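The values are calculated or read from the model by the stated rules, or taken from the named source; none is laboratory data. Bear in mind the structure is a predicted one, so any value in this text is a computation, not a measurement. All Cβ positions, glycine included, derive from the backbone under ideal geometry; neighbour counts span all protein chains shown. With ligands, DNA and RNA removed, areas are computed over all heavy atoms of the protein, side chains included. Shrake-Rupley method; radii C 1.70, N 1.55, O 1.52, S 1.80 Å.
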Amino acid sequence: MLRRNIRLRREYLYRKSLEGKERLLYEKKRKIREALEEGKPFPTELRNEEAALRKEIELEDELTAVPRTHIDDEYANASEVDPKILITTSRDPSAPLTQFAKELKIVFPNAQRMNRGGQVISEIIETCRAHEFTDVILVHEHRGVPDGLIISHLPFGPTAYFGLLNVVTRHEIRDKKAMGTMPEAYPHIILNNFTTKLGERTANILKHLFPVPKPDTKRVVTFANQSDYISFRHHIYEKHGGAKSIELKEIGPRFELRLYQIKLGTVDQTEAQNEWVIRPYMKTTKKRDFLGA
C-alpha cells in the first residue's frame, strides 16, 4: 500500500509538471486558430510549426481542446463517489472543542469522528487513504475556544487552512423553541460571492465536502463570503401554506471562516508547494478582497 501511494503521488506530480508545456502548446494553437478564423497571417514565430499545429487542431474535440490541470485531477471522481470524511481534533481537546467536532459530524453527511489520542498526522492520513476516505478535517483550539479548521483532500490534496471565529454551537443557541431538529438528509449548498479565481477554488474545496442532494430535501447549508470572511449557516425550511409561506429555522452550528493558506498536498506533507498564502500587508487597501467582490 505504501509503495502504491508513493507511485500514485509520483505520477500526480509528473502530470502537474507537464502543465507548463501543455499550456504553452495550447497558447500556440490558440494563435493559429485565431489567425485562421480571422484570415490574418500566422505569427512569425510560429511559421515553422504551423503545419504540425494545424494537424493537431484538426484532431481535437471539446474534451481535448482545453488542457486539463492538476485541479481537475484532484476532484476527478467527486461526482461518482460520495465524500467520506474523517473529523478529528488537536491532542487533549477541551469539552467545547469536542462538542464542536461532534456537531461537525452531523453537519457533513457520511462523516466519522475519531478521538485523536496519541496518533500523529501521518498515521491518520495513511489510515484514511487505506480506508478510502476523501477528506480529513482537523479542528484546533486556543484556550478552549475553537480557532482553526484544516480541510485536507485525499489522496493528493489540496489542503486549505482556515481561521475559525465566532463559533456558536447548537446547545449555545438561546432560542430552543425556534431551533429546528437536525435532519440527516443531504443538504442543498448555497455558495455566495466566491467570484475571483481564488474564491472559486475555495468554493470548490467546500462544496465537495457534501454529496449531491435530492431535489426535495429541506435542509440548506450556506457559505456566504463578505470581505474574505466566510459565514457558515445551517437551516431547514418548511412550507406550511404553499410556496408563499416558508418558515426558516436555524439548526446550528454557526461560525465564520477566514482562509489563510492553500497547499498543493495533504496536511502531512510539509514539503508541499503553497498555492496561495496570505502575507503581511496584503490587506492594507480596504477594497482588496481575495475571494469575492
Per-residue SASA entry for Ser245, accessible area with 1.4 Å probe, Å² rounded to 10: 50 Å²
Of all accessible heavy-atom area on the chain, the percent that carbon and sulfur account for (1.4 Å): 52 percent
The chain, helix-only ellipticity at 222 nm - DSSP H runs n ≥ 4, -39,500 (n - 2.57), divided by all residues, nearest 500: -9000 deg cm²/dmol
Whole-number accessible area per residue in Å² for the chain, which is evaluated in the context of all protein chains at 1.4 Å: 59 Å²
Length-normalised contact order of the chain in % [C-alpha pairs under 8 Å, at least 6 apart]: 16 percent
Cut-off 15 Å between beta-carbons: net charge of the residues surrounding Gln119, Lys and Arg +1, Asp and Glu -1: 0
Taking the C-alpha atoms of the range 187-293, convex hull volume expressed per residue in Å³: 135 Å³
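Defining a contact as two alpha carbons under 8 Å apart and six or more residues distant in sequence, what relative contact order in percent does the range 95-170 show?
Details: 82 pairs, mean separation 20.4, N = 76.
Normalised by residue count, the contact order of the range 95-170 is 27 percent.
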Where Rh is the Kirkwood radius over Cα pairs, Rg/Rh for the chain: 1.05
